[in-house]
Amino acid sequence: MNRMQKIAWFNLIVITATIIITSAAIAIEFHIRGYSQIGPYFVAMLAMLKITPLLFKKPQGQSKVVCDERDDFIVQRAISFTNTAFWLVFILSCFLLWLAIRPESSVPTITLSLMAAGGALFVKAVCSVAILIQYGRGNKDGQ
Amino acid sequence: MGNSKLKNQIRRLRFENGEITQQQLADLVGVTRQTILAIEAGNYSPSLTLAFKIANAFKVPLETVFQYEKKN
């Protein structure tokens, strides 16, 4: 497993753990107190995504290649796929929201922030999955 | 693109050139062993630069290492 795969796995684990723990915390708190105040703060676990450069450092002083043109190609293709998927999901969610609340209604301003945060999570998760799938498939490039 | 395939002779050339390993070839051309493995297996088409580097490593012309094959 190379550095790129390790980072992708780490991102997926952190995102999944955050979603599960935050949802559980909100549900438990809501069950006990009737409202949730502390639960959403567990989202802060996502800050761990920023420590990947420290956890998976590039080896120093070694001649061995860590990342080459194929790795770049895989990452570029994953980013391209993720951007397409994001826009489709974003546009779809905007229309679904519009259909759900009807045109004459309005949404709280927090909805936009939540959509932006959710979108960022979606991008990170989909990009990680796309990277892992390509490495798993041996990078069949449709030649 | 879907009806063509890039064949290669890397495996044969490695054994004809002192049985060098994939890692040794990777170090010679400046890529990872996984990339050499993917090229050998026909799962990845290298860039022109890398293709020339591989050919140079074996000291043979490019077309000795890679052959373009059109499928019917």
Looking at residue A:12 and the list (1) buried (at least 16 other Cβ atoms within 10 Å of the Cβ); (2) closer than 30 Å to residue B:49 by Cβ, which single condition is not satisfied?
(2)
Among the residues of the stretch A:46-60, is any modelled with pLDDT of 90 or more and open to solvent by 70 Å² or more (accessible area, probe 1.4 Å)?
no
What number of residues within the stretch B:1-42 are touching a strand residue (DSSP E or B) at 6+ places or on another chain (Cβ under 7 Å) and either open to solvent by 30 Å² or more (accessible area, probe 1.4 Å) or modelled with pLDDT of 90 or more (or both)?
7
Quick one: would you say residue B:70 is open to solvent by 80 Å² or more (accessible area, probe 1.4 Å), within 12 Å of chain A (Cβ to nearest Cβ) and not hydroxyl-bearing (Ser, Thr, Tyr)?
yes
Answer yes if at least one residue in the stretch B:22-40 is within 8 Å of chain A (Cβ to nearest Cβ) and over 18 Å from residue A:73 (Cβ atoms), and no otherwise.
yes
Among the residues of the stretch A:53-108, write down those that are in contact (Cβ under 8 Å) with a residue 24 or more places away in the chain, in a helix (DSSP H, G or I) and of a type in the set (D, E, K, R).
A:70, A:71, A:77
Could you check, for the stretch A:30-39, whether at least one of its residues is assigned to a helix (DSSP H, G or I), closer than 24 Å to residue A:128 by Cβ and modelled with pLDDT of 80 or more?
no
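The values are calculated or read from the model by the stated rules, or taken from the named source; none is laboratory data. The model shown is predicted, which means the values in this text are computed figures rather than measured ones. FYI the Cβ positions are ideal-geometry reconstructions off the backbone, even for glycines, and counts take in every protein chain you see. Protein only, heavy atoms only, side chains kept; ligands, DNA and RNA dropped before computing areas. Shrake-Rupley method; radii C 1.70, N 1.55, O 1.52, S 1.80 Å.
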